[in-house]
Amino acid sequence: MSDLLSLSRRTFLKGAAAATLGATLAAPARAARAIKLRVSSSAPPERFGSHYLWFKPFQDELQRRVGDKIVLEYFPNGQLGKEADVVNQVRAGSVDMILTGTSIWANLVPEFGLLDLGFLFQSYDHCAKALDAGVGAAYDKMLQERTGVSVLGWGFQAGSRSIYTKKKITSVAELHGVKLRVLPTKAFIDTFNIIGATPTPIPINECYTAAQTGVVDGMEHDPGTVLAYKWDEVVKYGFLTRHIYTPLLSYIGKTGLSKIPDEHKKDFMEAAAFATASIRAEAPKVEAEAMDKLKAKGLEYTEVPKAELEDLRKRMASELYPAFLKQYPSTEPMFKTITDLAAAQ
């Protein structure tokens, strides 16, 4: 009997050891099943960085829905490289997602430049209505067909774009010859040539040094970005042109999207929609907060004289829009949607 008991104990211990080993080996296997997505952002991971206003609600909502089955690896501050390079990585699949505006894609899908034409949108409300009335869907289709990249959501930057300079500007005439950092797209360059400034394309992460060393006299952007990148340390004045209400988008490449299992795709897309609604609600609040903080830090704002603003809008309508539409006639339906909604504002 004792031999039988001894044998039973040995059998049990072997079985227990095998079970423990099996569990140990299974744990990494289970962990390996987690889907990891690399997400790139050029902005700091904070409230005024705009990108984080979309990413954090997306991350939280996705985790609430699927737990750790999909893990987002966030790389802020341009850690994965310049946006122009990361765009190609998203297309190739080495980076899964990128948070950025529309401008960086205009080199691949030039029709995107429509959204960068100066004074096209009157407000973020106007922009939202146009995007949701078919403009956003039309651009998403173009992007998918030409690059394989899809739009997960059309959010907003933390405020409309205005001009920030080292010296005070009180009229449009005073911008003549002022070197302003702009995005390296034709729409931005053309807009500022009409305004009278000297547009100077520079990557966003080089703006601080460029202003500090005199390569540029200032830049144009939204107040949230000015605060997040600490540009108020090198520029002291804001000229409130509000020339562009820039969408902030989340993009995912074909490879990244293919990683999402069918059973999680609905949750993934609904988490993206949740994040988009969240950033649209927060952007106006963050814009006001950013402007208050910039004023408290000594930055002085000047409104553009109303007559000069109206003159700029007329000049854009006669000198900028027709040339763009002639070059890219496929954008005419989107342009009509936008202008029709502007008239209804």
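Restricting attention to the stretch 297-316, and to residues there that are free of Cβ contacts under 8 Å to residues at least 40 places away in the same chain and not acidic (Asp, Glu), which single residue is nearest to residue 195 (Cα to Cα)?
Here the residue is 314.
When 108, 183, 120 are checked against the criterion of being at pLDDT below 95 and closer than 24 Å to residue 282 by Cβ, a single residue qualifies: 183.
Name the residues in the stretch 214-234 that are surrounded by fewer than 23 Cβ atoms within 10 Å (Cβ to Cβ) and either at positive phi or of a type in the set (Val, Ile, Thr) (or both), would you? Selection gives 214, 215, 230, 234.
The criterion of being surrounded by fewer than 16 Cβ atoms within 10 Å (Cβ to Cβ), at negative phi and not in a strand (DSSP E or B) does not hold for residue 271. The set of residues from the stretch 269-285 being of a type in the set (A, V, I, L, M), farther than 11 Å from residue 55 by Cα and in contact (Cβ under 8 Å) with a residue 60 or more places away in the chain comprises 269, 273, 283.
The residue list 255, 241 contains one member that is of a type in the set (Val, Ile, Thr), at pLDDT 95 or above, touching a Ser or Thr at 6+ places or on another chain (Cβ under 7 Å) and more than 19 Å from residue 45 (Cβ to Cβ), which is 241. When you scan the stretch 157-164, do you find a residue that is part of a strand (DSSP E or B) and closer than 18 Å to residue 249 by Cβ, even just one? Yes, some residue in the stretch 157-164 is part of a strand (DSSP E or B) and closer than 18 Å to residue 249 by Cβ. Within the stretch 173-201, the set of residues being hydrophobic (A, V, I, L, M, F, W, C) and either touching a Pro at 6+ places or on another chain (Cβ under 8 Å) or surrounded by fewer than 19 Cβ atoms within 10 Å (Cβ to Cβ) (or both) comprises 173, 180, 182, 183, 188, 189, 192, 194. Test residue 277 against the criterion of being exposed (fewer than 15 other Cβ atoms within 10 Å of the Cβ), more than 24 Å from the chain's Cα centre (by Cα) and of a type in the set (A, V, I, L, M, F, W, C), and give yes or no. Criteria not met by residue 277. When 79, 144 are checked against the criterion of being within 19 Å of residue 50 (Cα to Cα), touching a Ser or Thr at 6+ places or on another chain (Cβ under 9 Å) and at pLDDT 95 or above, 79 stands alone in meeting it. Restricting to the stretch 252-268, what's the tally of residues that are assigned to a helix (DSSP H, G or I) and touching a residue at least 60 places away in the same chain (Cβ under 8 Å)? Here the count works out to 7. For the stretch 69-88, state whether one or more residues are small (Gly, Ala, Ser), under 14 Å from the mean Cα position of the chain (by Cα), under 29 Å from residue 193 (Cβ atoms) and part of a loop (DSSP other than H, G, I, E, B). Among the residues of the stretch 69-88, at least one is small (Gly, Ala, Ser), under 14 Å from the mean Cα position of the chain (by Cα), under 29 Å from residue 193 (Cβ atoms) and part of a loop (DSSP other than H, G, I, E, B), which makes the answer yes. Entry remark, the stretch 58-77: residues being at positive phi and either crowded, with 19+ Cβ neighbours inside 10 Å or among the polar types (S, T, N, Q) (or both) number 1 in total. Evaluated against (1) more than 21 Å from the chain's Cα centre (by Cα); (2) part of a helix (DSSP H, G or I); (3) of a type in the set (A, V, I, L, M, F, W, C), residue 227 falls short on exactly one condition, (1). Inclusion of residue 153 among residues that are under 21 Å from residue 49 (Cβ atoms) and not in a strand (DSSP E or B) is not warranted. Suppose we keep only residues that are part of a helix (DSSP H, G or I) and of a type in the set (Ser, Thr, Tyr) within the stretch 126-150. Which one would you say is surrounded by the fewest Cβ atoms within 10 Å (Cβ to Cβ)? Among them, the one singled out is 147. Counted as qualifying within the stretch 294-345 are no helices (runs of 4 or more DSSP H), as none has 3 or more residues that are of a type in the set (Lys, Arg), surrounded by 12 or more Cβ atoms within 10 Å (Cβ to Cβ) and modelled with pLDDT under 95. Kindly check whether there is at least one residue in the stretch 198-209 that is in contact with a strand residue (DSSP E or B) (Cβ under 9 Å, 6 or more places away or on another chain) and over 25 Å from residue 87 (Cα atoms). Yes: the stretch 198-209 contains one or more residues that are in contact with a strand residue (DSSP E or B) (Cβ under 9 Å, 6 or more places away or on another chain) and over 25 Å from residue 87 (Cα atoms). Checked against the criterion of being assigned to a helix (DSSP H, G or I), at pLDDT 95 or above and either out of contact with any Pro (no Cβ under 8 Å at 6 or more places or on another chain) or within 19 Å of residue 150 (Cα to Cα) (or both), the candidates 65, 38, 30 yield just one match: 65.
The values are calculated or read from the model by the stated rules, or taken from the named source; none is laboratory data. Everything numeric in this text was worked out from a predicted model, so none of it was measured. Here the Cβ is made from the backbone with ideal geometry for all residues, glycine too, and neighbour counts use every protein chain on show.
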